[in-house]
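Undergrad: First, the structure itself, so that you have it in front of you.
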Amino acid sequence: MENALMVALTRQMTLRRELSITANNLANMTTAGFKVEKLLLAPKEGATASHTDGPNKINFVQDWGVARDFSDGRIEITGRPLDVALVGKGFFAVETPDGERYTRDGRFTVDETGSLSTSDGMMVLGDTGAPILMDAFGGTPSIDQKGVISIDGAEIARLKVVGFASLGELAKDGSGRYRAPEGAVPETIENPQVMQAYLERSNVVPILEINRMVEVTRSYQSVSNMLKSEEDTSRQAIQRLGKVT
């Protein structure tokens, strides 16, 4: 395969990956706590096709990871007592069947056992590391700026809000949650900025993502046209060679 075709095919692969990431950003532009993502690219040296002269190495492009922007999303008032938003750094800790996970999605509810849970049924943890029991106390909960939950003036628990020294180490775990790498110890945030009856929306900027999708689509089409042109050139060369021989 000719060098130009080899390089173009690797570029098409990264463009398809980039288009997928951009489409996912747009699909989650109203998802609570979602953080926008961007594909990271890097050059990769490889061997050329067989030839009698010319360079011995060529550079391909490859994707080597996804960058995630953890800046705050838009804070929206909901008026619902169990909707909670975090301003600034930090994550809520929740318990899942696979262990402790972390999220910025504060759409909490009370499950059938009376425990504070996420919108998909995972238990929200208190600063003691235990689930937070709500139903037994009755009344409308009040949640202060530090995450302390009170009912009828009595403090019942405090939300576990944690941070990490390196956010780049966090991996997506589905449903808006992240998992920490093995051995990473979350740091308890003593003075978080918690807002009751608010939600943090996605930090996706739709117009930027739409523009990016248009750019990626055009680039993909341009590479496709180049591949077709190279293929036609090769076919013509083979046909002419056949006539000469």
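The values are calculated or read from the model by the stated rules, or taken from the named source; none is laboratory data. Predicted model only: the values in this text are computed from it and were never measured. Quick reminder, even Gly has a Cβ in these numbers, built from the backbone with ideal geometry, and neighbours come from all protein chains shown.
Undergrad: If we keep just the residues of the stretch 159-173 that are of a type in the set (A, V, I, L, M) and closer than 17 Å to Thr118 by Cα, which is surrounded by the fewest Cβ atoms within 10 Å (Cβ to Cβ)?
TA: Of the residues in the stretch 159-173, the ones of a type in the set (A, V, I, L, M) are 159, 161-162, 165, 167, 170-171.
Restricting the remaining residues to those that are closer than 17 Å to Thr118 by Cα gives 159, 161-162.
On the way: Leu159: 24, Val161: 25, Val162: 20.
This residue is Val162.
Undergrad: Filter the stretch 101-120 for residues that are modelled with pLDDT of 95 or more and among the charged types (D, E, K, R); which is surrounded by the fewest Cβ atoms within 10 Å (Cβ to Cβ)?
TA: Among residues in the stretch 101-120 that are modelled with pLDDT of 95 or more and among the charged types (D, E, K, R), the one surrounded by the fewest Cβ atoms within 10 Å (Cβ to Cβ) is Arg107.
Undergrad: Considering only the stretch 135-155, state which residues are crowded, with 19+ Cβ neighbours inside 10 Å and part of a loop (DSSP other than H, G, I, E, B).
TA: Initial filter on the stretch 135-155 (crowded, with 19+ Cβ neighbours inside 10 Å): 141, 143, 147, 149.
The answer is Gly147, and nothing else.
Undergrad: Can you confirm whether the stretch 74-94 contains a residue that is modelled with pLDDT under 95 and closer than 30 Å to Leu15 by Cβ?
TA: yes
Undergrad: Further question on the same structure: Just give me the residues in the stretch 179-209 being β-branched (Val, Ile, Thr) and either surrounded by 13 or more Cβ atoms within 10 Å (Cβ to Cβ) or closer than 24 Å to Ala85 by Cα (or both), in sequence order.
TA: Step one: list which residues in the stretch 179-209 are β-branched (Val, Ile, Thr), which gives 185, 188-189, 194, 204-205, 207.
Listed by number, the residues that qualify are Val185, Thr188, Ile189, Val194, Val204, Val205.
Undergrad: Only one of these is under 22 Å from Leu170 (Cβ atoms) and surrounded by 15 or more Cβ atoms within 10 Å (Cβ to Cβ): Phe70, Phe60. Name it.
TA: Values: Phe60 fails: under 22 Å from Leu170 (Cβ atoms).
From the options Phe70, Phe60, the qualifying one is Phe70.
Undergrad: Can you tell me which residue among Asp127, Asp120 is out of contact with any strand residue (DSSP E or B) (no Cβ under 6 Å at 6 or more places or on another chain) and charged (D, E, K, R)? Outline the logic, then answer.
TA: On the way: Asp127 fails: out of contact with any strand residue (DSSP E or B) (no Cβ under 6 Å at 6 or more places or on another chain).
Result of the check over Asp127, Asp120: Asp120.
Undergrad: Filter the strands (runs of 3 or more DSSP E) completely within the stretch 60-134 down to those with at least 2 residues that are under 15 Å from Gly147 (Cα atoms). Show your work before the answer.
TA: On the way: elements: 75-77, 84-87, 91-96, 99-103.
Where strands (runs of 3 or more DSSP E) fall fully within the stretch 60-134 and carry at least 2 residues being under 15 Å from Gly147 (Cα atoms), they are 84-87, 91-96.
Undergrad: Then there is this: Please find, within the stretch 191-231, the residue that is farthest from Gly33 (Cα to Cα) out of those that are modelled with pLDDT under 90 and among the polar types (S, T, N, Q). Quick ask: steps written out before the conclusion?
TA: Narrowing the stretch 191-231 to residues modelled with pLDDT under 90: 219-231.
With the extra rule that they be among the polar types (S, T, N, Q), the set shrinks to 219, 221-222, 224-225, 229.
On the way: Ser219: 31, Gln221: 34, Ser222: 35, Ser224: 37, Asn225: 39, Ser229: 45 Å.
Selected residue: Ser229.
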